[in-house]
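Working notes, structure below.
The values are calculated or read from the model by the stated rules, or taken from the named source; none is laboratory data. Keep in mind the model is a prediction, meaning the values are calculated, not measured. Neighbour counts run over all protein chains shown; Cβ positions are idealised from the backbone, glycine included.
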Amino acid sequence: MLRSFFILLIFIIVPPAYAQKTCDYVGNNECDEARYGGQGYCDSGTDTADCSLISQGIADDSCTFANDSECDEYRYNGTGSCLDGSDLSDCAALQTVQQSDFLNRARVLLLKDATILDLGTNTCRWNNDGECDDIGFAGSGACGPGTDATDCLQMFQTAAAVSLMTASKNSCVFANDNECDEIQYSGQGLCEDGTDTNDCNANFVETDTLTPPPHQPLIIDPTGGAHDTCEYANDGECKEARYAGGDYCEAGSDTSDCHHLAARLDNDSCTWANDGTCDEMRYGGDGQCVNRSDTSDCDIFGASPEALERLLTLLPANLSRQLGDDTCQYSADGECDDISFGGTIYCDAGTDATDCRAMALGGEDSCRWANDNECDEPGIGTANCTSGTDMTDCAAVAYLRNRTDTCSTAFDGICNETSGGDGMCASFSDTADCLGRWRPADLENHFFGHDDRFLVDVTQAPWRSIGSLKLQDGTCTGTLVGPSLVLTAAHCVTDTGNETLTPLSFSAGLSRGTSLGEAKVIGAVFDPSYSTAAKLSGGGNGHDWALVILNRNLGDEVGFLSVHELTTANLSQIGRSGLLVNQAGYSWDTGDNMSGNKGCRIVQAFEDNSILHECDTAQGDSGSPFLLNVDGEWKIIAVDSQFFNSDNNKTPFAKTNLAVDSRAFADTVAQQQ
């Protein structure tokens, strides 16, 4: 075993000899070379594969997903599932629709043909997103000149258009209430755009027709270039801290990725800003300032310790006494942990006052990210807002707050909770049976529409070889692939891709607090090409796998599984109708009970050794195996990795589920057995 371990270490440490430095965006199906009409993210000659068809002047239907009535080319703002130039018929139809819409809108605004030609085309990847990104027309700068025609058409107001719109400027029932209710100005959307004009324009100075509306951020530099100096720029994910992006990029250095979020940046643009009084209605002000325009004055209601203390002093005395103090070890983490106010059970009653303040009041929209159409509260959303402070956005998923399926009888079709059941399960622990299996599309921490999971009998093969990896912080799932070797995901053993965080232990067949066997972990190694940088589907995600070494041969006691490398026939099956597999792991919401899926589909395979699947997985399933029956034996063909936004997949799911398939690790595992 020692010799095998050293072989493994040599493989992991030595980089492949054929690796070579090239563009970061190679292999994402999008031609990024400017000479072929791309965004210019790649220098000439460094994105050859993605530009292969366009460079030859070829446009055909060679893509697997051609002729499915959906344009899948990135250059036309499609899903990116097809190489640019390989989904001709579907994208041609899209362009026809876009052009028709463009011309119809032009006629409504009574613009001349010459102006239409000046606006250019809709070839930018950000076209038709409702925001003008053409810097030539004072847009954000995310699109090149003449490539965002339809969106920039809105920037022009002719005399005829203005006269047509005058009558409806304040037609909304909520107009003239001193609060802007148009969603385009970060309002709640109670009024259609253009029907609450007085309230939305009260704090802004009228400008000429080529100046962006007040809600659009001026995020371009004097030379006309967008700030994309961060190493993570242009990866499709905003990483600036001011937009809750994780602080990987300094403010203003990830402009293209953040340009949509920038519209919601707080400021002091109100006439009554900095007068010592908060005038925003969302914070109990008199409404003289539009939400987000009196930031400094309203900071007393913000996230600083002083602001939070101020908020607590405003509570009625009886409620303040019930909330208590912040003596719980989990206080001030943004999540209410006092069950008395609908929180978790991790704090005693009256010990998590600050986190539970908004919940105690019944909820409010005081978070800076409120009313952005995304739930940002912990447990059910992104966790960028404190519990109860993003009420409107979280309304559709609030009923699932703090709910799990940790009960030992979960998924059996019988509600066993005290309320509505026989009381065999604790409150909120038998969700699927008591509330049904459908989940809202915007629910975080659950990544399925209909929850098809079941509780696995861990005493039976092949499930008995799967277990829970106890990490230094949290848990993952792993599978025995040798007497003392466990296969899992790379992100379970490293946070940055540089250091190794060795797990503490492995429990095979863990269920209801007991396991079939446990072993300590003495080492872990991961694919040296693994990176935490965000990539698009098929853009280099096939390195998220690792091997964990145990201190004893636990696999000889409970059994271990073999790895089956995907064959050409398997890949062809995936491309045609999908490949049916089984999966099992330790989802965060099932506790120490293993949950599984039977007969779920792998729907797409990429050349970077990654796949997209429709199995119901959640956080905690990372590293869990996907099993295929090969000649009567269940074998591993992939390990669960991560989630993407839904616009990157061919499934109806709210999230794209991605796994690393066996082409990435089959040879290495075979060398260790």
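Within the stretch 50-65, if we keep just the residues that are within 22 Å of Ala605 (Cβ to Cβ) and at pLDDT 85 or above, the residue that is surrounded by the most Cβ atoms within 10 Å (Cβ to Cβ) turns out to be Asp50.
Looking across Leu9, Leu83, one residue alone is modelled with pLDDT under 80 and aliphatic (A, V, I, L, M). It is Leu9.
Taken together, Ala489, Ala461, Ala524 contain a single residue that is within 23 Å of Val630 (Cβ to Cβ), in contact (Cβ under 8 Å) with a residue 24 or more places away in the chain, among the hydrophobic types (A, V, I, L, M, F, W, C) and surrounded by 17 or more Cβ atoms within 10 Å (Cβ to Cβ), which is Ala489. Scanning the stretch 21-67 for residues that are more than 29 Å from the chain's Cα centre (by Cα) and under 16 Å from Gly80 (Cα atoms) yields Ser52, Leu53, Ile54, Ala59, Asp60, Asp61, Ser62. Screening the candidates Ala519, Ala508, Ala524, Ala534 for the property of being under 21 Å from Thr617 (Cα atoms), assigned by TED's automatic domain parsing to the domain that holds Ala638 and touching a strand residue (DSSP E or B) at 6+ places or on another chain (Cβ under 8 Å) yields one hit, Ala508. Do we find a residue being closer than 23 Å to Leu455 by Cα and either assigned to a helix (DSSP H, G or I) or acidic (Asp, Glu) (or both) anywhere in the stretch 361-372? Scanning the stretch 361-372, I find no residue that is closer than 23 Å to Leu455 by Cα and either assigned to a helix (DSSP H, G or I) or acidic (Asp, Glu) (or both), so the answer is no.
Considered as a group, the residues in the stretch 284-315 that are surrounded by fewer than 18 Cβ atoms within 10 Å (Cβ to Cβ) and within 29 Å of the chain's Cα centre (by Cα) include one that is modelled with the highest pLDDT, and that residue is Asp299.
Of everything in the stretch 316-334 that is among the aliphatic types (A, V, I, L, M) and surrounded by 12 or more Cβ atoms within 10 Å (Cβ to Cβ), the residue that is farthest from Thr354 (Cα to Cα) is Leu319.
One residue is enough: does the stretch 398-412 have a residue meeting the conditions among the aromatic types (Phe, Trp, Tyr), crowded, with 21+ Cβ neighbours inside 10 Å, in a loop (DSSP other than H, G, I, E, B) and touching a helix residue (DSSP H, G or I) at 6+ places or on another chain (Cβ under 9 Å)? Yes: one or more hits. Residue selection: Gly575 fails the criterion of being modelled with pLDDT under 95 and on the phi > 0 side of the Ramachandran plot. Inspection of the stretch 497-513 finds a residue satisfying the criterion of being among the small types (Gly, Ala, Ser), part of a loop (DSSP other than H, G, I, E, B) and loosely packed, with under 15 Cβ neighbours inside 10 Å.
Checking each residue in the stretch 413-437 for being modelled with pLDDT under 85 and not in a loop (DSSP other than H, G, I, E, B) picks out no residue at all. Among residues of the stretch 540-592 being over 29 Å from Asn498 (Cα atoms) and among the β-branched types (Val, Ile, Thr), the one that is surrounded by the fewest Cβ atoms within 10 Å (Cβ to Cβ) is Thr568.
Of everything in the stretch 593-620 that is over 17 Å from His564 (Cα atoms) and of a type in the set (S, T, N, Q), the residue that is surrounded by the fewest Cβ atoms within 10 Å (Cβ to Cβ) is Gln619.
Where strands (runs of 3 or more DSSP E) fall wholly inside the stretch 553-615, the ranges with 1 or more residues that are of a type in the set (Ser, Thr, Tyr) and closer than 16 Å to Phe665 by Cβ are 610-613. Taking first residues from the stretch 237-263 that are more than 15 Å from Thr382 (Cβ to Cβ) and partners that are polar (S, T, N, Q) and at pLDDT 70 or above, the Cβ contacts under 7 Å between residues at least 6 apart in sequence or on separate chains come to Ser253/Thr229; Ser256/Asn234; Asp257/Asn234.
Filtered by the rule that a residue be on the phi < 0 side of the Ramachandran plot and touching a residue at least 24 places away in the same chain (Cβ under 8 Å), the stretch 24-48 gives Tyr25, Val26, Asn28, Glu30, Cys31, Gly38, Gln39, Tyr41, Thr46, Asp47.
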